[in-house]
Amino acid sequence: MDHNNISSYQPLIAASDDTRVAFYKRTYAHVALAVLLFIIVESIFLRIEPLVEFALSMTQGWRWLLMLGGFMLATNYAENIAHKSHDKTKQYLALLLYVIAEAFIFLPMIWIAIAYSGGSMNIFDNSIINQAAVMTLALFTGLSAIVLFTKKDFSFLRNILMVGFFIAIGLIIAGMIFGFNLGLAFSAGMVVLAAGSILYQTSNLVHKYSTDQHVGASLGLFASLMLLFWYLLSIFSRD
């Protein structure tokens, strides 16, 4: 019993090359599955008119802060389960919860992008969404490759990212209080922050996780991927 558990919980950094490669493949396969599930759930949500109206109403004033707060609680809960539990069922439920939460908070943004372009409710048939998705995938792939090939430890970015996110939250709250638009510069800054988050999460993938934590690793990467997609989509949706 002990020998099996120790083997299954082996730190990835101490594992063989074959084990690490297999872990990377499982992790990125789960990221791809999470993206596919997000597309499916988002497509379903877009066809539920009362849900769309409710999501749009939550973007007004302080309701948006409540929505962000609920999303952050769901994110924290999902990440704690995915990263700390060795129960595969709980890890998958956490990833599922997070994907559904992402689909809901993206609902106003996707709807606005569709309305802006005058296209159909088919996500794949929208040039703005497709452009943002291609750019997101290209950046995500490039940044991930840098870490996977160099094995550089980007854990030092943790504190920088925390400060950056706190500043971003402060600016969002200030914008709501004083009624100013954060503009293109803020979105560009958040793209840089999201890029840093991808480097940090990929670095964790290489240096931090145990060999049984590919679901938790995929959740962290998916979260950073979606943050990047959010702000690139915000930029592409501007006049």
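The values are calculated or read from the model by the stated rules, or taken from the named source; none is laboratory data. Note that the structure is predicted; figures quoted are calculated from it, not measured. Reconstructed Cβ throughout: ideal geometry from the backbone, glycine too, with neighbour counts over all protein chains shown. Ligands, DNA and RNA are stripped out before the accessible areas are found, and what is left, the full protein with its side chains, is counted by its heavy atoms. Shrake-Rupley method; radii C 1.70, N 1.55, O 1.52, S 1.80 Å.
Look at (1) assigned to a helix (DSSP H, G or I); (2) free of Cβ contacts under 8 Å to residues at least 24 places away in the same chain and you find that Asn181 fails only one, number (1).
Scanning the stretch 106-137 for residues that are at pLDDT below 85 and loosely packed, with under 13 Cβ neighbours inside 10 Å gives Ala115, Gly118, Ser120, Asn122, Phe124, Asp125, Ser127. Of the candidates Ile160, Ile198, the single residue that is surrounded by fewer than 18 Cβ atoms within 10 Å (Cβ to Cβ) and in contact (Cβ under 8 Å) with a residue 24 or more places away in the chain is Ile160.
Would you confirm, using the coordinates I've provided, whether Phe222 is open to solvent by less than 10 Å² (accessible area, probe 1.4 Å), of a type outside the set (Ser, Thr, Tyr) and closer than 23 Å to Ile110 by Cβ?
Details: open to solvent by less than 10 Å² (accessible area, probe 1.4 Å): yes; of a type outside the set (Ser, Thr, Tyr): yes; closer than 23 Å to Ile110 by Cβ: yes.
Answer is yes for this residue.
Residues in the stretch 138-157 that are of a type in the set (Phe, Trp, Tyr) and surrounded by 15 or more Cβ atoms within 10 Å (Cβ to Cβ) were compared, and the one that is modelled with the lowest pLDDT is Phe154. Pairs meeting the criteria (first residue in the stretch 17-46 and on the phi < 0 side of the Ramachandran plot, second residue of a type outside the set (Lys, Arg) and not in a helix (DSSP H, G or I), beta carbons under 8 Å, at least 6 apart or on different chains) are Thr19/Gln10; Thr19/Thr211; Phe23/Ala15; Phe23/Tyr209; Phe23/Thr211; Ser43/Met121; Ser43/Asn122; Leu46/Met121.
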